[in-house]
Amino acid sequence: MSDTSTPGEEPVSAALRDAKARARSTHYTVGTLRADPDGTVWLECSCGTVLRNGPTWTLDEHVRLHRAEAKYLELSAAAPAGIPRMIDLP
Ligand SMILES: [Zn+2]
């Protein structure tokens, strides 16, 4: 097993590193920013989700949440069995 971490950092397993990379490569914004007459600004994610502002959130907040959720789902799926979790999966 090779360790490519830098000194002082916890080694991250290849599975978790791959999970993060997968989240990045499957969720990137595509196309240009669009603005609707009603003030909605939106972008499409490569996964098909429309990222947009809303009555109480900005487009940037939606983009950040979407990326965090994508990363969580990939990491969660790749995490070792038995690892203590904050969110219980069904
Ligand atoms: Zn996405």
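Read-outs throughout are calculated quantities, based only on the coordinates presented, and are distinct from any laboratory measurement. What you see is a predicted model, and the numbers here were worked out from it, not measured in a lab. Here Cβ is always computed from backbone atoms with ideal geometry, including for glycine, and neighbour counts include all displayed protein chains.
By the Kirkwood approach, averaging reciprocal distances over each pair of separate Cα atoms, the chain gets a hydrodynamic radius of 15.4 Å. Here the sum of -39500 (n - 2.57) over DSSP H runs of 4 or more residues, divided by the residues of the chain, equals -12000 deg cm²/dmol at 222 nm, to the nearest 500. Computed from the Cβ-Cβ distance with R0 of 22 Å, the FRET efficiency linking Glu44 to Ser76 stands at 0.35.
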